Amino acid sequence: MLRKLYNWTLDLAAKKHATPILAGVSFAESSFFPIPPDALLIPMCLANREKAFYYAFICTISSVIGGIFGYAIGYFFFEAIAEPILNFYGKQAYFDQFADNYNEWGAWIVLGAGVTPFPYKVITIASGVTQLALPLFIFFSVIARSIRFFLVAGLIWLYGAPILRFVDKYLPWVATAGFLLLIAGFAALKFL
């Protein structure tokens with residue numbers, strides 16, 4: 001079923017109204033949709049390389065707005081659904097500790113999930129559940145999603161179709177390695 005959904009998403013890239021569809025997929029992927037917008041972004045950038053950065057901008061803005069929607073899901077529905085369960089099992093204190101730890105590192109978590117292959121929707125909802133400061137969440141979401149989508153668009157704009165194999169196979173891992181190196185650098189500065 002996931003493959004069928006992926007193929008359907010690829011077919012959308014050839015449609016006349018692909019840009020609004022790209023915005024919709026970017027929005028939905030940030031809160032509940034399983035297919036990343038790259039499935040549309042990449043073929044759209046290949047088809048019209050001059051608009052690659054425009055498409056990356058559409059993905060970024062739509063993804064951040066979708067992330068705010070995911071944040072709202074976590075923020076507004078946690079109390080009604082999860083909190084009574086935590087209280088019933090006496091686990092509210094554990095959750096409070098988790099929320100404190102999450103919020104201490106929340107900016108880095110949002111940045112990492114927004115750039116790497118980790119499902120961004122999990123972080124958007126968790127950020128709402130733990131009530132991570134919304135301006136902080138938005139700021140780091142804009143940075144992370146910009147890096148992710150503009151990097152893909154930039155590589156396609158610069159190299160065209162030959163870069164596609166690299167983007168499909170290695171880009172998520174290169175982004176993850178870069179993020180880990182960034183964290184290691186900050187950690188080294190802190191402890192040196």
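Things worth noting here:
- Qualifying residues in segment 1-29 (those that are at pLDDT below 90 and among the hydroxyl-bearing types (Ser, Thr, Tyr)) - the one surrounded by the most Cβ atoms within 10 Å (Cβ to Cβ): 9
- Unique residue being surrounded by fewer than 21 Cβ atoms within 10 Å (Cβ to Cβ) and under 19 Å from residue 26 (Cβ atoms) when the list is 84, 119: 119
- Residue check, residue 41 closer than 30 Å to residue 18 by Cα, modelled with pLDDT of 85 or more and surrounded by 15 or more Cβ atoms within 10 Å (Cβ to Cβ): yes
The rows are residues; the columns are (1) touching a strand residue (DSSP E or B) at 6+ places or on another chain (Cβ under 7 Å); (2) modelled with pLDDT under 80; (3) of a type in the set (A, V, I, L, M, F, W, C).
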{"site": "46", "(1), (2), (3)": "no, no, yes"}
{"site": "52", "(1), (2), (3)": "no, no, yes"}
{"site": "56", "(1), (2), (3)": "no, no, yes"}
{"site": "61", "(1), (2), (3)": "no, no, yes"}
{"site": "74", "(1), (2), (3)": "no, no, no"}
{"site": "84", "(1), (2), (3)": "no, yes, no"}
{"site": "89", "(1), (2), (3)": "no, yes, no"}
{"site": "96", "(1), (2), (3)": "no, no, no"}
{"site": "100", "(1), (2), (3)": "no, no, no"}
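- Test: residue in segment 44-59 that is touching a residue at least 24 places away in the same chain (Cβ under 8 Å), under 19 Å from residue 124 (Cβ atoms) and in contact with a Leu (Cβ under 8 Å, 6 or more places away or on another chain): yes
- A search for C-beta distances below 7 Å between a residue of segment 103-125 that is without any contact (Cβ under 8 Å) to a residue 60 or more places away in the chain and any residue that is part of a loop (DSSP other than H, G, I, E, B) and not small (Gly, Ala, Ser), counting only pairs 6+ apart in sequence or on different chains, returns 103/130; 103/132; 106/132.
- Selection from segment 29-43 of residues that are over 18 Å from residue 127 (Cβ atoms) and in a helix (DSSP H, G or I): 38, 39, 40, 41, 42, 43
The values are calculated or read from the model by the stated rules, or taken from the named source; none is laboratory data. Remember, it's a predicted structure, so these values are computed and weren't measured experimentally. Quick reminder, even Gly has a Cβ in these numbers, built from the backbone with ideal geometry, and neighbours come from all protein chains shown.
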